[in-house]
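S.K.: Please see the structure below; I have some questions.
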Amino acid sequence: MDSDFFRAWLADAADAVEAQRDHLTQLDAAIGDADHGINLSRGFGAIMTALRDTSTPTPGSVLVLAGSTLISKVGGASGPLYGMAFRQAGKALADVPEADPQSLAGALEAGLAGVQKLGAAREGEKTMVDALAPAVSAFGKALSEGAPESEAFEAMAAAASAGAQATISMQALKGRASYLGPRSVGHEDPGAASTALILGALKDVALRLRRDQ
Ligand code: ADP
Ligand code: MG
């Protein structure tokens, strides 16, 4: 997977965020401050502009630029958290010209570790971690079991979606939604929903661009 692959992922993710912008904002209206779709739309729009204007010859440079852009352009909790995820994932890929699935798995793990270092959320606390963590482990597990690459991407995206759905019954213990206490139960976490979208875009791009692998 070269830098074009990672740019295609971010472009697909930007499209998905744009298409679901109002939905993400509605999820945040229920348990937050109704800005999650707006934040991510602004952030991914800025990523697209930055990628157009900046040379990013390696997968790592694509992800680091995306992360830095989110940190500088998005207010709210999700900008720094997603920014950290992309930056740490990019740093893990260093300056290799192509990432294989195993190194992508390592990069996603580094992204998760970055989110948890910054936000201190564990699984079960109704955050983006509840989509990201199971997705990262499903991807790594499928690869280590020797599953075809396409199945590993599908398992990752499915785990992210299931993880996001599972936040509905959780009580928020981190972030703005935690102020609601038990009243946060019964709503999908917006950040978990957007993580499922972003990783769904990764799966779609992998199935589209890597059909021959
Ligand atoms: P804000 O809460 O500042 O308005 P957003 O609405 O853009 O920011 O993002 C909210 C999302 O951020 C939540 O749905 C949750 O998934 C995520 N989030 C908030 N705090 C944390 C944290 N400490 N760790 C991980 N994710 C978090
Ligand atoms: Mg919000």
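S.K.: For Phe139, indicate whether it is in a helix (DSSP H, G or I), in contact (Cβ under 8 Å) with a residue 40 or more places away in the chain and of a type in the set (A, V, I, L, M, F, W, C).
M.R.: Against the criterion (in a helix (DSSP H, G or I), in contact (Cβ under 8 Å) with a residue 40 or more places away in the chain and of a type in the set (A, V, I, L, M, F, W, C)), Phe139 does not qualify.
S.K.: How about the range 66-92: which of its residues are more than 16 Å from ligand 2 (Cβ to nearest atom), surrounded by fewer than 24 Cβ atoms within 10 Å (Cβ to Cβ), within 20 Å of Met128 (Cα to Cα) and of a type in the set (A, V, I, L, M)?
M.R.: Ile71, Met84
S.K.: Right, something else. Looking at the range 169-188, can you tell me whether even one residue there is within 16 Å of ligand 2 (Cβ to nearest atom), under 13 Å from the mean Cα position of the chain (by Cα), buried (at least 18 other Cβ atoms within 10 Å of the Cβ) and part of a loop (DSSP other than H, G, I, E, B)?
M.R.: No: the range 169-188 contains no residue that is within 16 Å of ligand 2 (Cβ to nearest atom), under 13 Å from the mean Cα position of the chain (by Cα), buried (at least 18 other Cβ atoms within 10 Å of the Cβ) and part of a loop (DSSP other than H, G, I, E, B).
S.K.: Let me ask another. With respect to Val136, is the statement that it is modelled with pLDDT of 95 or more and farther than 13 Å from Met84 by Cβ true? Spell out how you get there, then give the answer.
M.R.: Values: modelled with pLDDT of 95 or more: yes; farther than 13 Å from Met84 by Cβ: yes.
Judged against the criteria, Val136 is a match.
S.K.: Hey, among the residues in the range 144-154 that are within 17 Å of Trp9 (Cα to Cα) and of a type outside the set (Ser, Thr, Tyr), which one's farthest from the chain's Cα centre (by Cα)?
M.R.: Among residues in the range 144-154 that are within 17 Å of Trp9 (Cα to Cα) and of a type outside the set (Ser, Thr, Tyr), the one farthest from the chain's Cα centre (by Cα) is Glu149.
S.K.: Also, quick follow-up: Scan the range 1-37 for residues that are more than 8 Å from ligand 1 (Cβ to nearest atom), closer than 24 Å to Lys174 by Cβ and of a type outside the set (Gly, Ala, Ser) and jot them down.
M.R.: Correct list: Val17, Gln20, Arg21, His23, Leu24, Thr25, Gln26.
S.K.: If a residue has to be in contact (Cβ under 8 Å) with a residue 40 or more places away in the chain and surrounded by fewer than 16 Cβ atoms within 10 Å (Cβ to Cβ) to count, how many in the range 31-65 make the cut?
M.R.: Of the residues in the range 31-65, 2 are in contact (Cβ under 8 Å) with a residue 40 or more places away in the chain and surrounded by fewer than 16 Cβ atoms within 10 Å (Cβ to Cβ).
S.K.: Please note which helices (runs of 4 or more DSSP H) are completely contained in the range 31-95 and include at least 2 residues that are under 15 Å from Asp4 (Cα atoms), at pLDDT 95 or above and among the small types (Gly, Ala, Ser).
M.R.: The helices (runs of 4 or more DSSP H) meeting that bar are 59-73.
The values are calculated or read from the model by the stated rules, or taken from the named source; none is laboratory data. Predicted model, so just to flag it, every value in this text is computed and none were measured. Backbone-built Cβ (ideal geometry, glycine too); neighbour counts: all protein chains shown.
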